Amino acid sequence: MEDVIVVEHLYKIYRFYSSSIARLKELLNSKSYHEEIVALRDVSLRIKKGEAIGIVGDNGAGKSTLLQIIAGALHPTSGKVSVKGKVLALLELGLGFHPDFTGRQNIYFYGDILGYPRKFVKSKMDEIIEFSELGDFIDRPLKTYSTGMQMRLAFSLAVSLDPDILVIDEALAVGDLHFQKKCIDRILEFKEQGKTILFCSHSTYQISIFCNRVLWLKSGMIEMFDITETVIPAYEFYQLRNDRAKNEKAEETKVAPVSPVIIEEFKMLNSLPLRTRDDLRFYLKILSESEDIKYHVSLSLKMDTGRGVFVTGTHLFDKPPLQGKKKEIFITFPRVPLLSGQFYAHARVLDEQGLMLYHQKILPPFTVVEEIKKGVNYRGVCYLEHQWDVK
């Protein structure tokens, strides 16, 4: 497949001035009066036709800046961007709309901005209005719309004008669950049609559904760009480590998590390093704000890459939900068959259905070492009992 987006050594640097006088001073002499913020630093990538690319990263990592440059809404400071095909972007909600125009007028207005013939936009009007479910609001001024209604109009317009490349920047974070599901279904249709999709979201679950590859930006640079199964576990592990640091800071400042049920304590009871076939033991102390709240507890074992090894939970093994203001839980994995490597444990408290996350904690990675036997060379994650029968 051909490359439809090629980014080469892309930089985007913003200049910030303390005042308009500082800007004027810099114009009048050679001295610098500004501060530079590097939003993107030496970003290079190639995206092929029909790929669905997820984009993840912390706030301020450069995700929106990159998408705006690809969509043509921003110019790079240096570097090259080549895009083949018609691009439609859902960036900032309302971008390209006029608040005093009606929804219908804004559809024509947006089409004019993008250079679409009026006849073509008119032919798509009924489809756009039907998908948006705005009803009579389509002939009311945009300034009377809620944020969710603006998202409906923007998404409906973008997907109905049949772009070759669809760029979505956090647009699905706004709106009700019914319309979000409708948007997800339409994006999957686009993917099946071989359209190219750039999808930026904080929802790693949605990215796992949509995307073949994932770009992880960190401080304006590419941290990883690989298949989804490789990047998402690594990014989730990075997020969990950050969450753990935040939780520790909150405990130090006596700020309790805002949750009806929390994990007050989570620790590993083994001395380290753990050896293959040792019993692996964990301790959890769960606190609930009420005796009446029902909840489930889960524990995951993962490799240091974030890939799962095993997960257990009260809701996964047909056990009733827990109740009570305080529960002490001991979990034991007898004669654990893990081979040499780095692993970590992740505990969660979930609601009565096991769907909503109340609280979570992660332990630092622990090392497993195996006994070295002459003539034996193990490979893999865990040891499986087996036998050879050669005839």
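Taking the conditions exactly as written (of a type in the set (A, V, I, L, M), surrounded by fewer than 17 Cβ atoms within 10 Å (Cβ to Cβ) and not assigned by TED's automatic domain parsing to the domain that holds residue 233), does residue 322 satisfy them or not?
no
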When restricted to 322, 274, the only residue closer than 30 Å to residue 235 by Cβ, touching a residue at least 12 places away in the same chain (Cβ under 8 Å) and out of contact with any Cys (no Cβ under 9 Å at 6 or more places or on another chain) is 274
Do we find that residue 314 is among the polar types (S, T, N, Q) and within 31 Å of the chain's Cα centre (by Cα) in this structure?
yes
Between a residue in the range 226-241 that is surrounded by fewer than 17 Cβ atoms within 10 Å (Cβ to Cβ) and any residue that is at pLDDT 85 or above and not hydrophobic (A, V, I, L, M, F, W, C), which pairs come within a Cβ distance under 6 Å, given they are 6 or more apart or on different chains?
227/213
Being under 30 Å from the mean Cα position of the chain (by Cα) and not charged (D, E, K, R) is the filter here; which residues of the range 108-141 pass it?
110, 114, 128, 129, 131, 132, 134
Looking only at the range 52-81, which residues are among the charged types (D, E, K, R) and either within 20 Å of the chain's Cα centre (by Cα) or buried (at least 18 other Cβ atoms within 10 Å of the Cβ) (or both)?
58, 63
Answer with yes or no whether residue 143 is more than 30 Å from residue 9 (Cβ to Cβ), out of contact with any helix residue (DSSP H, G or I) (no Cβ under 7 Å at 6 or more places or on another chain) and either among the β-branched types (Val, Ile, Thr) or at pLDDT below 85 (or both).
no
So, residue 300, is that one under 30 Å from the mean Cα position of the chain (by Cα), over 27 Å from residue 229 (Cα atoms), buried (at least 16 other Cβ atoms within 10 Å of the Cβ) and without any contact (Cβ under 8 Å) to a residue 60 or more places away in the chain or not?
no
It is to be established whether one or more residues within the range 372-388 are surrounded by 15 or more Cβ atoms within 10 Å (Cβ to Cβ), among the small types (Gly, Ala, Ser) and over 12 Å from residue 297 (Cα atoms).
no
Pull up the range 164-180, narrow it to residues that are more than 17 Å from the chain's Cα centre (by Cα) and outside any strand (DSSP E or B), then point me to the one that is modelled with the lowest pLDDT.
175
Please find, among 199, 190, the residue that is assigned to a strand (DSSP E or B), within 29 Å of residue 10 (Cβ to Cβ) and hydrophobic (A, V, I, L, M, F, W, C).
199
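The values are calculated or read from the model by the stated rules, or taken from the named source; none is laboratory data. Keep in mind the model is a prediction, meaning the values are calculated, not measured. Counting neighbours? That spans all protein chains shown, and the Cβs are built from the backbone with ideal geometry, glycine included.
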